[in-house]
Amino acid sequence: MTRSVVEVLPPSEGGIRQHVAALSSILVDMGWAVTVAGPAGVLDGLPVDSRVHHSDVVVPRSMSPRAMLDAVRQLRRLPVPDLIHAHGLRAGWVAVLARPRTPVVLTMHNVVLDEVAGRRAQVERRLERMLARRVRHVIGVSPQIVAGLSGFVPADRATFIIPASPPAAPRRDRNVVRAELGAGADDVLVVVVARLHPQKDLPLFVRAWARIAAVHPHARAAIVGGGPLHDELAELIERTGVGATLRLVGASDYAVDELAAADVVAVTSTWEGVPLVVAEAVQLGRPVVTTRVGVVEDLLGAGDGSDGDGRGSGGAIVDVGDEDAFAEALSRFVGDAALRSAAGEVSRERGTVIYGATALVEQVAGIYEEVLGT
């Protein structure tokens, strides 16, 4: 008998929508009837199997009671599935309120950070824990998320699974993209793909880049992304005098092209689960210099007999917020072509082994079957 699942997701410009696209397409190949319930067009431009149905359910960006109620009503109009898989806090609450008798699996792609202050953060942390108790199983996209559930979610109801996504494959000519980002044939290009948001700590990158540009005349960098900190970053770039070598280029429709054009990929986030940028860079065989967030050590191979500085691994990992260590590590990669090549090969090998989408979706389907008792 065919089992049915509804994948509920919020508005997404990045990793969540890519994960749901890959997950849904592979699930239908496994014999599941899949409906994606999310905002209109949320999966546009992604490779999604034609057998996957889509229904408009406008999961809100906030916990506004009126907007949440509208989404609940929209989800209730769909036929009752065997199981609902919700992605994120708001999608999870829409799911459990709309179908309280239907088993719900929740993927926590992010968490409300303990260091975030304010009444809203406190409320959302409580809602996060209440929701985790109400669903049948929680999938965390990093071991840290799963560890944070201990004490209010039984260990057998929480599992770490890396989110699957479509394989990273560039669509545009690499040299054309490099030229658009301000890099010539002899330049070393560093690419940052990130939402311009405090979580990504992009001011640290700009300050570190000022040091690197001073000693590497053929180094170029581009920050690819949009967000609320655009004006602040533009001002910092001007103030530090790096505008000739660092471009703030705005959001990309398909950032895999920019990652593929890079010689080095950089990440300065203060927190991530499984940073999609790192996963895609690994699949593309690009070395990565990153802060120690989420599962980057697993993705890059640090700890597998390597020292985590790019020798024997897919890149270099430094502590969150350590501007000196980040600048030193990135400078080392910018100045050493052999190191870039060796780390890139490790990345490519690990991307093939670790990030196979089918194997990851099989783990999710196993959770579904366990919840349904099959």
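The values are calculated or read from the model by the stated rules, or taken from the named source; none is laboratory data. In this text the structure is predicted, and so the values were computed from the model without any measurement. Note: ideal-geometry Cβ built from the backbone for every residue, glycine included; neighbour counts use all protein chains shown.
Kindly indicate whether VAL264 is among the hydrophobic types (A, V, I, L, M, F, W, C), buried (at least 18 other Cβ atoms within 10 Å of the Cβ) and modelled with pLDDT under 95. Taking the combined requirement at face value, the residue does not satisfy it. Residues that are at pLDDT below 90 and hydroxyl-bearing (Ser, Thr, Tyr) within the range 107-150 comprise SER142, SER150, listed in sequence order.
Yes/no per residue for (1) modelled with pLDDT under 85; (2) assigned to a helix (DSSP H, G or I); (3) within 25 Å of GLN199 (Cβ to Cβ); (4) among the basic types (Lys, Arg):
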residue: SER269; (1), (2), (3), (4): no, no, yes, no
residue: ALA329; (1), (2), (3), (4): no, yes, yes, no
residue: ARG332; (1), (2), (3), (4): no, yes, no, yes
residue: ALA338; (1), (2), (3), (4): no, yes, no, no
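Only residues in the range 16-34 that are within 16 Å of SER55 (Cα to Cα) count as the first member; pair them with residues that are at pLDDT 95 or above and of a type in the set (Asp, Glu), Cβ under 6 angstrom, at least 6 apart or cross-chain, and list the lot. Between residues of the range 16-34 that are within 16 Å of SER55 (Cα to Cα) and residues that are at pLDDT 95 or above and of a type in the set (Asp, Glu), the close pairs are VAL20/GLU7; SER24/GLU7. When ALA222, ALA185 are screened for being modelled with pLDDT of 95 or more and not β-branched (Val, Ile, Thr), only ALA222 passes. Taken over the range 53-72, the criterion of being in a helix (DSSP H, G or I) and surrounded by 13 or more Cβ atoms within 10 Å (Cβ to Cβ) is satisfied by ALA67, MET68, LEU69, ASP70, ALA71, VAL72. Restricting attention to the range 25-56, the residues that are out of contact with any Lys or Arg (no Cβ under 9 Å at 6 or more places or on another chain) and of a type outside the set (D, E, K, R) total 16.
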